[in-house]
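Enquirer: Please read through the structure below; I'll follow up with questions.
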Amino acid sequence: MYKEAKSSYFDLPALDVSIAFPQATPASVFPPCTSDYYQLDDLLTPEEKAIKVKVRECMEKDIAPIMTEYWEKAEFPFEVIPKLGALHISGGTIKGYGCPGLSITGSAVALAEITRVDASCGTFILVHSSLAMLTIGLCGSEMQKQKYLPSLAELSTVACWGLTEPDYGSDASALRTIARKVEGGWILEGQKRWIGNSTFADVLVIFARNTATNQINGFIVKKDAPGLQATKIENKIGLRMVQNGDIFLKKVFVPDEDRLPGVNSFKDTNKVLAVSRVMVTWMPIGIAMGVYDMCHRYLKERMQFGAPLAAFQINQQKLVQMLSNIQAMLLVGWRLCKLYESGKMTPGQASLGKSWNTLRARETVSLGRELLGGNGILSDFLVAKAFCDLEPIYTFEGTYDINTLVTGREITGLPSFKPATLRPNSRL
């Protein structure tokens with residue numbers, strides 16, 4: 001009898017948030033964009049504006065209604081891959097081979113629009129397009145480009161990019177995965193960690209140390225290669241839909257035709273990282289825009305003390321600070337694209353853009369978290385989810401600290417990545 005009475009009261013499913021809290025609209029119905037206060041869209045070409053509109057419509061219609069459910073389950077929504085493929089943005093700036101050949105500004109704006117609604121989908125595209133595909137586009141042979149890029153551009157196949165290892169994150173150039181030359185190809189042995197898309201990728205771009213030259217080389221590994229294993233990293237608090245994995249390479253054979261001829265040292269990876277760091281600079285822009293849009297609508301809907309929250313001075317001050325950050329972040333991102341397009345961008349400038357924008361976005365989402373009160377810890381209202389998703393973005397593609405040191409080295413001429421050597425007579 002006790003069991004029956006308890007279950008009839010306690011064991012009920014959760015209420016839909018729109019019923020439990022009818023005063024404000026959840027993020028499944030995504031708010032209109034209200035963050036372009038300085039009309040920075042005027043800086044875009046007609047083609048870039050068209051891309052922005054197309055991506056925004058897809059994300060708000062197809063992704064926003066399902067993103068919270070998949071984020072909570074830490075599962076990837078595979079049904080959205082064809083919809084993302086139909087946008088024709090995969091491959092970004094690559095020309096030919098079925099790729100869109102976008103300007104870097106157009107590609108960056110598209111990524112920001114994806115990330116505005118969901119940062120996990122943004123990371124999926126970043127890894128697939130701006131890392132894996134771009135490596136093949138910049139460093140691959142003509143045969144490799146023709147073989148792999150067309151299906152990757154359609155998103156009928158998916159790629160990942162394996163550089164980071166358990167022992168080497170910021171110090172990636174010291175990686176230990178090895179490539180040993182054998183007849184007809186190479187044997188790869190080692191381990192990679194934090195590799196996005198790796199648990200379901202069809203194509204894996206893997207970096208390993210050539211045992212003969214001690215230099216870093218690049219390889220294309222197929223998902224069914226014997227000795228290849230990828231397992232999902234569990235218990236993440238951010239980018240929960242992204243399937244980050246541990247990759248084990250146990251005597252994996254890669255034929256000569258799948259060695260990337262343009263990767264002969266770690267410096268060659270910088271060709272790719274220069275572009276991807278520009279792209280990552282736009283991801284915090286997208287997150288901050290989404291959070292601001294959500295807060296802007298919420299404050300006008302939510303009533304307390306007989307007035308909408310938007311009517312209170314302290315809330316307006318926070319909202320304006322968020323908006324100010326976004327205008328500055330947009331200008332940094334846009335200028336970085338123009339520097340890249342003109343061939344003037346330096347590694348330090350790219351690093352400053354990424355580090356500064358993620359720092360400003362951190363402040364923006366923190367203010368958004370305050371504005372939503374208790375609903376600021378519910379993923380249903382976007383802000384809590386964005387708060388968590390920003391943390392890995394603050395870290396990947398170079399941590400905030402490492403990126404500041406890249407810029408610091410450039411402006412002073414003095415590297416400070418390693419501690420000074422302690423001599424016997426050193427006062428330290």
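The values are calculated or read from the model by the stated rules, or taken from the named source; none is laboratory data. Keep in mind that this is a model prediction, so the values were computed, not measured. Cβ atoms come from the backbone with ideal geometry, glycine included; neighbour counts cover every protein chain shown. Quick note on the areas: whole protein, heavy atoms, side chains included, nothing else; ligands and nucleic acids left out. Shrake-Rupley method; radii C 1.70, N 1.55, O 1.52, S 1.80 Å.
Enquirer: Could you go through the range 355-376 and let me know if any residue there is closer than 24 Å to Trp194 by Cβ, open to solvent by less than 10 Å² (accessible area, probe 1.4 Å) and hydroxyl-bearing (Ser, Thr, Tyr).
Expert: yes
Enquirer: Tally the residues that are under 15 Å from Ile285 (Cα atoms) and open to solvent by 40 Å² or more (accessible area, probe 1.4 Å), restricting the search to the range 377-391.
Expert: 2
Enquirer: Between a residue in the range 177-192 that is of a type in the set (Gly, Ala, Ser) and any residue that is open to solvent by less than 40 Å² (accessible area, probe 1.4 Å) and not in a strand (DSSP E or B), which pairs come within a Cβ distance under 9 Å, given they are 6 or more apart or on different chains?
Expert: Going by the 9 Å Cβ cut-off, the qualifying pairs are Gly185/Asp258; Gly190/Glu165; Gly190/Leu175; Gly190/Thr177.
Enquirer: So which residues in the range 191-217 are open to solvent by 10 Å² or more (accessible area, probe 1.4 Å) and touching an Asp or Glu at 6+ places or on another chain (Cβ under 7 Å)?
Expert: Residues satisfying the conditions are Gln191, Arg193.
Enquirer: Right, next: Restricting to the range 26-78, count the residues that are in a helix (DSSP H, G or I) and either over 30 Å from Gly245 (Cα atoms) or touching an Asp or Glu at 6+ places or on another chain (Cβ under 7 Å) (or both).
Expert: So the answer is 20.
Enquirer: Somewhere in the range 403-425, is a residue touching a residue at least 40 places away in the same chain (Cβ under 8 Å) and closer than 30 Å to Ala24 by Cβ?
Expert: no
Enquirer: Of the residues that sit in the range 229-287 and are of a type in the set (Gly, Ala, Ser) and open to solvent by 10 Å² or more (accessible area, probe 1.4 Å), which one is nearest to Gln144 (Cα to Cα)?
Expert: Of all residues in the range 229-287, those of a type in the set (Gly, Ala, Ser) come to 230, 238, 245, 262, 265, 274, 276, 286.
Within this subset, residues satisfying the condition of being open to solvent by 10 Å² or more (accessible area, probe 1.4 Å) are 230, 262, 265, 274.
Working: Ala230: 23, Gly262: 11, Ser265: 19, Ala274: 22 Å.
Going through the qualifying residues, I end up with Gly262.
Enquirer: Could you check the range 305-333 and list, in sequence order, the residues that are surrounded by fewer than 18 Cβ atoms within 10 Å (Cβ to Cβ) and in contact (Cβ under 8 Å) with a residue 24 or more places away in the chain?
Expert: Across the range 305-333, the qualifying residues are Gln321, Gln327, Ala328, Leu331.
Enquirer: Take the residues in the range 131-164 that are open to solvent by 10 Å² or more (accessible area, probe 1.4 Å) and hydroxyl-bearing (Ser, Thr, Tyr); name whichever of them is farthest from Ala230 (Cα to Cα).
Expert: Out of the qualifying residues, it is Ser141.
Enquirer: Something else now. Would you list the strands (runs of 3 or more DSSP E) that sit entirely within the range 196-246 and hold 2 or more residues that are touching a residue at least 12 places away in the same chain (Cβ under 8 Å) and under 15 Å from Ala179 (Cα atoms)?
Expert: Passing ranges, in order: 203-210, 216-222.
Enquirer: Just one of (1) under 18 Å from the mean Cα position of the chain (by Cα); (2) free of Cβ contacts under 8 Å to residues at least 60 places away in the same chain trips up Thr281, so point out which.
Expert: That leaves (2) as the condition not met.
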